[in-house]
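Read the structure below first, then the notes.
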Amino acid sequence: MSANQLGKLIVITGPSGVGKGTLVNLLLQAHPHLKLSISATTRQPRPGEVAGVNYFFLSKKDFEAAILNRELLEWAEYAGNYYGTPKAPVIEQINSGNYIILEIELEGARSIANIFPEAKRVFILPPSIDELEARIRDRGTNSEESIAKRLSIAKKEIAASNEFDFQIVNDDLDNAIAQLETVIFKD
Ligand code: ADP
Ligand code: 5GP
């Protein structure tokens, strides 16, 4: 693997509700040659989520087996569930010279920085904490307990945003997309 190929490994991190999924979906629609890594998780599917498309939904036992079998490039515990990146598809994309995007939380992004220092790591920031809370609530898919957990984790994640190569504020969506495109496609 050359450093050039690893520059096509893009890590996108940011607090829950900041709009990572929205940004990534728009990017993939506009640039079909970008590939998104599909993570494994032990959390329950949200309404509308499809197994194998949004996530691979695994039992705790199966997730722990995947860890033991070294099938995950990185994994972390987040708000009471496991999340991890299946290793084989990412390595295959890198070896094929393709762009591959990982949308993962802070601990996972730190692990990737250790494994692949040449990866481009982008942190998506909300315009404010109040706006972040409003977006999580408007999405309407989290319980009060889960919202509180996510907001508490968000504050810690935002405090670490300067560890990342790039920071983008997702205020105006078009503007945030344009900035992401610049980061991904510049050398
Ligand atoms: P994440 O994947 O980071 O958890 P989502 O993509 O699910 O976040 O977005 C959370 C909510 O915020 C969604 O309802 C989405 O429509 C909304 N949203 C995303 N980006 C913006 C933006 N720039 N301005 C206003 N609302 C946004
Ligand atoms: P959600 O439950 O909102 O889909 O995701 C919760 C958090 O887990 C988000 O910050 C998301 O980026 C992160 N996440 C999703 N997949 C992975 C993964 O494979 N690894 C890690 N470390 N985090 C992930």
Would you please name the residue that is least open to solvent (accessible area, probe 1.4 Å), looking only at residues in segment 98-137 that are over 19 Å from Asn162 (Cα atoms) and of a type outside the set (A, V, I, L, M)? Tyr99
Counting only residues in segment 75-97 that are touching a residue at least 40 places away in the same chain (Cβ under 8 Å) and away from ligand 2 (no atom under 11 Å from the Cβ), the one least open to solvent (accessible area, probe 1.4 Å) is identified as Ile94
Pairs please, first residue from segment 107-123 and of a type in the set (Asp, Glu), second anywhere and assigned to a loop (DSSP other than H, G, I, E, B), Cβ atoms under 7 Å, 6+ apart in sequence or on different chains. Glu118/Gly7
Answer yes or no: is there a residue in segment 170-183 that is over 18 Å from Trp75 (Cβ atoms) and either within 15 Å of the chain's Cα centre (by Cα) or within 14 Å of ligand 2 (Cβ to nearest atom) (or both). yes
Pairing a residue in segment 16-39 that is closer than 21 Å to Ser161 by Cβ and of a type in the set (Lys, Arg) with any residue that is open to solvent by less than 30 Å² (accessible area, probe 1.4 Å) and within 12 Å of ligand 1 (Cβ to nearest atom), where Cβ atoms lie under 9 Å and the two sit 6 or more apart in sequence or on different chains, gives Lys20/Ile12; Lys20/Thr13; Lys20/Gly14; Lys20/Ile124; Lys20/Asn170
Taking the criterion of being under 12 Å from Ile12 (Cβ atoms) and β-branched (Val, Ile, Thr), would at least one residue in segment 129-148 satisfy it? no
Result of the Cβ filter at 9 Å on segment 46-57, keeping first residues that are without any contact (Cβ under 8 Å) to a residue 12 or more places away in the chain and partners that are within 13 Å of ligand 2 (Cβ to nearest atom) and among the acidic types (Asp, Glu), at least 6 apart or interchain, is none
Tell me, please, whether a residue that is within 16 Å of ligand 1 (Cβ to nearest atom) and farther than 26 Å from Leu180 by Cα can be found in segment 81-93. yes
Restricting to segment 69-89, name every residue that is over 10 Å from Ser111 (Cβ atoms) and aromatic (Phe, Trp, Tyr). Tyr78, Tyr82, Tyr83
Can you tell me which residue is farthest from ligand 1 (Cβ to nearest atom) among those in segment 36-64 that are open to solvent by less than 40 Å² (accessible area, probe 1.4 Å) and outside any strand (DSSP E or B)? Phe63
Residue under evaluation Gln29, criteria (1) outside any loop (DSSP other than H, G, I, E, B); (2) open to solvent by less than 70 Å² (accessible area, probe 1.4 Å), criterion not met: (2)
Output yes when any residue across segment 18-35 is at positive phi and under 14 Å from the mean Cα position of the chain (by Cα), and no when none is. yes
Residues in segment 147-158: is at least one in a helix (DSSP H, G or I), over 19 Å from the mean Cα position of the chain (by Cα) and not basic (Lys, Arg)? yes
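The values are calculated or read from the model by the stated rules, or taken from the named source; none is laboratory data. These numbers come from a predicted model, not from an experiment. Cβ: placed from backbone, ideal geometry, glycine included. Neighbour counts: every protein chain shown. The area values use the complete protein model at the heavy-atom level, side chains included, leaving out ligands, DNA and RNA. Shrake-Rupley method; radii C 1.70, N 1.55, O 1.52, S 1.80 Å.
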